[in-house]
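Heads up, the thing below is written out as structure tokens.
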Amino acid sequence: MKWAKAWQLSDIILIALIGIFFGAIFMGTNYVYDVLTAALAPVGLSGLANELLLGLWCMPGMLAGYMLRLKGSATLGELLAATVEMFFGGQWGISTLISGVTQGFGAELGYIVTRYKHYDWLGLTASALTTTIVTFGWDLARNGYFKLQLWLLILYFVVRFCSMFLFGGVLTRLITDMLDRSHVLKSTHTN
Amino acid sequence: MNPSIKLLLLFIIALEISFSLIISLNIALVILAIGYLLLHHTKCRTIGWLLIVPLLPAIGLWSTQYINGTGNKTLMAWVLFTRIYAFVFTGATFTLTTNILQLADSLEQNWHLPSKFAYGVLAAYNLVPKIQHEVKIIRAAGLMRGQQLSFWSPKLYFKAILVSINWSQNLAQAMTSHGFVEDAPRTHYRHCPLRWQDWAIFIVGLGLIQLGLFVIPWS
Amino acid sequence: MANIALENLTYTYPEAQAPTLNQIQFTFKAHQFTLLTGPSGTGKSTLLKLMTGLLKLPANQGCIRYNDQPLTTIAATERAGKVALMFQNPNQQFAMDTVENELIFALENRQVPANEIQAKLTAALAFVGISELRERNLSHLSGGEKQKVALAVIVAMDSDVILLDEPFASVDPAARASLLKRLIQLRDQAGKTIILADHDLTDYETLVDQVVRITPDRHLTAVPHADWSTLFADFARTGQTDQRWRLPNQPAKPLFQLQKVALTQGRHRLLQPTDLTLLRHHNTLITGPNGSGKSTLFESLVRLTDYDGQISYLTDDIQTLRRKRYARQVALLFQDAETQFLNITVAEELAQSQKYAYGDYFTPARITAAMQQLNLTGHEDQVIYTLSEGQKKKLQILLMLIMQSPVLLMDEPLKGLDLKSVQALVTLLKSTIAETHQSLIIISHQLTGLAPLIDYHLRFEQQHLQYREAL
Ligand SMILES: Nc1ncnc2c1ncn2[C@@H]1O[C@H](COP(=O)(O)OP(=O)(O)OP(=O)(O)O)[C@@H](O)[C@H]1O
Ligand SMILES: Nc1ncnc2c1ncn2[C@@H]1O[C@H](COP(=O)(O)OP(=O)(O)OP(=O)(O)O)[C@@H](O)[C@H]1O
Ligand SMILES: [Mg+2]
Ligand SMILES: [Mg+2]
């Protein structure tokens, strides 16, 4: 493991580009979000739409952490993606940036607690869990979750974790397996 | 106003209102922000659009609290409803009046952010329109080879990452051959000063928001 | 000002077994214009990247000296003043949004004091003759215009040595001639040393001081003056092709029918409302200057870009066809080869095309033969992204041929190919479509070797798209 490896220009551009690319792909899922939100609003469960898709939005951070294996890559990956999104048609303004930081740090925490040593299912699961916890903690305040009934909170939490695990964990793993095989990262990243 | 100071101020405001339960404060912020936007010649259509876009999520949050909340459900429902708008409009005062180049200049010149971060992100940012088109192209190229790539296909993301890797290397090489050297000193053609006025606005703004949060009895 | 000496230069890519460059000994003389040629995949790009320091030369693998000073000892901040590289791909070579900002960025990097930047910038743009592009957004420029901007950046940075890696691969003849003229001026008036890699040798004979060839066994040799005429003979001078094509007589079988089709990009009108028929079982060539809208037209035909009016394929409005089915009927060979790839190794790509192919003309034996024909044999297990530009292009075309979709739109299929590859490719295309009856529509700036394939010629220029007999 190369701890000391510093950020190079191409790494920075790379994770920013990945963030933007994924953002552009997720734009195509907005209609899923809108339909779900509208359909669930009358029963007061529209948060589920957010919970179901949140894993997608946290994927760039988890993937950057897993792929680049640099300290801070998860946080930076998500933050850069959020910065770009803020300027580019991001109507959510500064709160995009705050979400970016929490999501990125959440993902990073999973790699921190596994000491940046477990680039395997353990690391990914840990990262999915910490991302869930951190972002959920933030939503307790920001989205007023702390005022919700307990059963709903548990439901949201479980759904969010599943989404994180599926998109941030399983999908990330499938993608990085293909990357490993293609050797395209080899020349710059030796682990 | 200095972009990074403005961003910092708005960042703190966004953080603080995330924890506040004062509806009138949210509304006051929205009104202030609209005033500021109008001063900066923002089109009414843009403002109208900013009012419409968050409506669905706002209603979602509202109904969640109203139906499944605890305690004073109505209050919380409206707090969240107005909070979303406060986020959107305070955010717009930044994104609609500042561009990413100005922010990068300010972060590089005022806060000594390493230029590789400033220019790396700028280079990526300038490709956004191409990237949106490229996603369509990747999908079409897949179809032409007999493969449908939807948002859960690993191959779609793999392709996107490959393009990113390739572009990032091309860009980094091009920047290097345009004389860019990581961590080396550069001159600055566009000056981005950090004046005492910026700090004054920052402190006054910060003071006002504390006033609104803790001193004025809004109800 | 700067002699460049390559001493015992050897380079092996970490992923490769055999060295790409082997024990190269050569000296490029100062103030000369050198043309570097050699078959596809022999290491021209690799050499140029080594000479700029973009690829690091491992220790004890030889040495590159600029006027006796080893490249490795020149401070990174000084390098751009010594040597600059202009890339083949006009995209992704700018960090900033506008032409002006890119030049400013480069000059700031060179630590030019802020008060001198304005003057240098203006002078560089004027020298290349693109002052009017100053405030334009880089992403809105055509390929040729982007290359001109790239040259302006190099002029502004005032590098002693200018390396160019197939700078004209996607540039139309007019822009190419104008860029060449500037390069000659840079040599004659500013004393620059210029080394340019190209496959298409049109127009160089009277301009360059020496021609250097990378031989298949990876050595550099200067081509003696006596051999020049044979070398250049294959390349007709630009604008002097006397090729004539028939005009289509109308009641033929239509493939695409355009009704009042108009194209726009941003606020820029590319094509006035046009009625036009493209014919089935014939091959049509589309030519036109950079930025006239040829690629945009192709993207409209495959529904990647919006257009006004109506386009029908055979009998149906293409907007009414299901995307998936339509994609199997009409395939596009993208201008950028990598866009087409979906897998990792050459073999996997071949397998995928075979699996989803529309017809069964390409048996494994035929594929092996085609690989041989295109000189790609032996690269089966190579990761596609490490192939040279020309190799990628050939593979891309083969993959799309194997698919055998009834219509194949080809955007610059000859980009970056050497003459041998072009001939091999045209032979393969001819023999294939004779059996499979596909219709080809081809956009190309480069015409050398392509003529035998073409039935009709469309000219896309000044917002008009019309059949023409001559270029
Ligand atoms: N990163 C890499 N890893 C392994 N092999 C590589 C890599 N890059 C290039 N090669 C191989 O090195 C050889 C030389 O490539 P290079 O791009 O320098 O060729 P070229 O002469 O510029 O060809 P072209 O005219 O097609 O552009 C090719 O055979 C290519 O497959
Ligand atoms: N978003 C945009 N806004 C304005 N102009 C654009 C935009 N996108 C592309 N263009 C311009 O539209 C024109 C048509 O581009 P297109 O790629 O179709 O040209 P082309 O004929 O294929 O050129 P080339 O021979 O260089 O490949 C170009 O001048 C291009 O820069
Ligand atoms: Mg090359
Ligand atoms: Mg084109």
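The label-point distance for B:T70 and C:D381, in a model that sets each label 7 Å from Cα toward Cβ, rounds to 6.3 nm. From the alpha carbon centroid of segment C:375-403 to that of segment C:1-78 is 26 Å. Among C:S300, A:L45, A:V101, whose Cα projects farthest towards the positive end of the dipole of the protein assembly as shown, with charges put on the beta-carbon of Lys, Arg (+1) and Asp, Glu (-1)? Farthest towards the positive pole: A:L45. Over chain C, Cα pairs under 8 Å with separation of 6+ residues give a relative contact order of 17 percent. Taking the longest Cα principal axis of chain A as reference, the axis of helix A:172-182 is set at about 20 degrees. Axis of helix C:389-403 versus longest Cα principal axis of chain C: the two differ by about 10°, to the nearest ten degrees. Comparing C:L271, C:L220, C:A175 along the charge dipole axis of segment C:155-289, the residue lying farthest to the positive side is C:L271, per the Cβ-charge model.
Over chain B, dividing the summed -39,500 (n - 2.57) contributions of all DSSP H runs of at least 4 residues by the number of residues returns a 222 nm mean residue ellipticity of -24000 deg cm²/dmol.
Helical runs assigned H by DSSP (4 residues or longer) give chain A a calculated mean residue ellipticity at 222 nm of -23500 deg cm²/dmol, each run adding -39500 (n - 2.57) before division by the residue total.
Counting only residues at least eight positions apart within a chain, or on another chain, the lysines with an alpha carbon under 16 Å from that of A:K117 are A:K2, A:K5, A:K71.
Rounded, prolate or oblate for segment B:98-219? Axes are the square roots of the Cα gyration tensor eigenvalues, ordered a ≥ b ≥ c, and the cut-off for rounded is a/c under 1.5. Since a/c reaches 1.5 but b/c is at least a/b, the shape of segment B:98-219 is classed as oblate.
Is chain B rounded, prolate or oblate when judged by the Cα gyration tensor, a ≥ b ≥ c being the square roots of its eigenvalues, rounded requiring a/c under 1.5 and prolate requiring a/b larger than b/c? Taking the square roots of the gyration eigenvalues as a ≥ b ≥ c, chain B is oblate. Relative to the longest principal axis of the Cα atoms of chain C, the long axis of helix C:419-436 makes an angle of roughly 10 degrees. Once the trypsin sites (Lys or Arg not before Pro) in DSSP loops with at most 12 neighbouring Cβ atoms within 10 Å are cut out of chain A, the longest remaining piece is A:3-114. Bridgeable lysines around C:K82 (alpha carbons under 19 Å apart, same-chain partners fewer than 8 residues away excluded): C:K29, C:K49, C:K56, C:K120, C:K192. Helical runs assigned H by DSSP (4 residues or longer) give chain C a calculated mean residue ellipticity at 222 nm of -10000 deg cm²/dmol, each run adding -39500 (n - 2.57) before division by the residue total.
Which shape class, rounded, prolate or oblate, goes with segment B:65-161 when its Cα gyration tensor gives a ≥ b ≥ c as root eigenvalues, a/c under 1.5 marks rounded, and past that a/b bigger than b/c marks prolate? Note, shape of segment B:65-161 comes out oblate. Using a Förster distance of 41 angstrom, determine the FRET efficiency expected from the C-beta separation of A:C162 and B:I203, and round it to 0.05. Given R0 = 41 Å and the Cβ-Cβ separation, E is 0.35. Take every Cα pair under 8 Å in chain A that's 6+ residues apart, average their separations, divide by the length, and report that relative contact order as a whole percent. Taking the mean separation of contacting Cα pairs over the length of chain A, I get 23 percent.
Read-outs throughout are calculated quantities, based only on the coordinates presented, and are distinct from any laboratory measurement. Model, not experiment: these values are computed from the prediction. Because the Cβ atoms are built from the backbone with ideal geometry, glycine has one as well, and the counts that use them run over all protein chains shown.
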